1. Please tell me if Ile229 is closer than 26 Å to Val101 by Cβ and surrounded by 17 or more Cβ atoms within 10 Å (Cβ to Cβ).
2. Does Val52 satisfy the condition of being farther than 30 Å from Lys242 by Cβ, modelled with pLDDT under 85 and hydrophobic (A, V, I, L, M, F, W, C)?
3. With the requirement that a residue be modelled with pLDDT of 90 or more, under 23 Å from the mean Cα position of the chain (by Cα), of a type outside the set (Phe, Trp, Tyr) and part of a strand (DSSP E or B), what does the stretch 278-320 give you?
4. Across the stretch 251-270, what is the total count of residues that are over 12 Å from Ala299 (Cα atoms), polar (S, T, N, Q) and at pLDDT 85 or above?
5. Hey, among Ile229, Ile301, Ile224, Ile220, which residue is touching an Asp or Glu at 6+ places or on another chain (Cβ under 6 Å), in contact (Cβ under 8 Å) with a residue 40 or more places away in the chain and among the β-branched types (Val, Ile, Thr)?
Amino acid sequence: MRTLFKIAVITIISTLLFSCSGKQKVDESKEVEVLPEDIVELSIDQFKIAGVEYGKVEQKTLSNTIKASGLVTVSPQNLVSICAPLGGFIKNIDLVQGSPVRKGQTLAVIENTEFIELQQNYLDAKSKLEFAEGEYNRHNELYKDDVYSKQTFQEANSNYKSLKALVNALGQKLALIGIDASVLQEDKISRSVTILSPISGFVKAVNENVGKYVAPTDVIFEVINTDKITLELTLFEKEIFKINIGQKLHFSIPNDEANHYDAIITQAGRSIAADKTVKVYAVVNQPSTRILPGMFVSALIETTSNPVSSLPSESVVQFDEKYYIFLFDKDKEENGKPFTEFKMVEVGKGIIDGGYTEVILPSGFDMNNIKVVVKGAYNLLAAKKNAGEMSCG
């Protein structure tokens, strides 16, 4: 409807611009000025009717956008799968999906007879190590005094180093299940260990229940930290070369299209999938409790950040599948009447944003001094199309 209205308005203005009073007659004996193809001429009255206003080409930062869709996710270091390194039976779980947790908080208690044996073996090896260390020191002193043979000293040294390695290895195993070997004592051996959360966040999944045996490879919990929400977007291969790290994007989530959130691209894939798409990753600037991992998002990526030569969009007109602007050429008089001439110049058309259009100008274009028609360009185009019917001087 707006397009039909626009055509009707241009038609009316064109008629006003180029119609003559019925009382005037054309003197066919007079010479008629033939204007160049790229020149449009208006009388002072036609100029007023056309509503012509001048401006200049400006340098503006216009944003071109690429549409993309994807999912809300988190970086790998913020999604943790938690297992029981030596397995065991689950004695206690107090958490459910969605429960908030803090780093170091107890998630579950696991029981296993292997925990008892491991602690016993560590304390036994530690006791033997203390004796072997004493023997090693005594043999070392006697060896220096030539009391013991070299072979006897080497046997003591070998036994001491072997037990030292065993104690260290058993200590590492204890640390793996959460037992501090440095405070372990003979009267404080435990059959259970606690599983602690390595990060703060919330429980994404609880996969096991009390009384169930879990193997070392079974994932008991998944804990997720949402302080750094990430978007995983899918783009077509033809668009990937327009993407750079640091570019901004705006996105919305389902059932909340009225609110727009911002993110910054941190990584762009450099391999094309079989379906001719590529993955792009962006970090959300201000995470919201409304944005949850797994949500679908629709995004607009801004691909331009450098200023470009721009004009108000209404000053760029299309004619015969090409784009033109009108420039002030000169003021003149004909038969004592003032006229204004405009020059029609072909340009290239680029990004459109916020009511402005990027224009690719011909070489040698003086942006500082040339006056461009920024209002009334469509009326001048109508004048150009109807120039052959113009009969008023």
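The values are calculated or read from the model by the stated rules, or taken from the named source; none is laboratory data. Here the structure is a predicted model, which is why all the values come from computation and not from measurement. Neighbour counts are summed over all protein chains in view; Cβ atoms, including those assigned to glycine, are modelled from backbone coordinates with ideal geometry.
1. Yes; evaluated as a whole, the condition is true for this residue.
2. It is false that Val52 is farther than 30 Å from Lys242 by Cβ, modelled with pLDDT under 85 and hydrophobic (A, V, I, L, M, F, W, C).
3. Val278, Lys279, Val280, Ala282, Val283, Val284, Val297, Ser298, Ala299
4. 2
5. Only one candidate passes the filter, namely Ile220.
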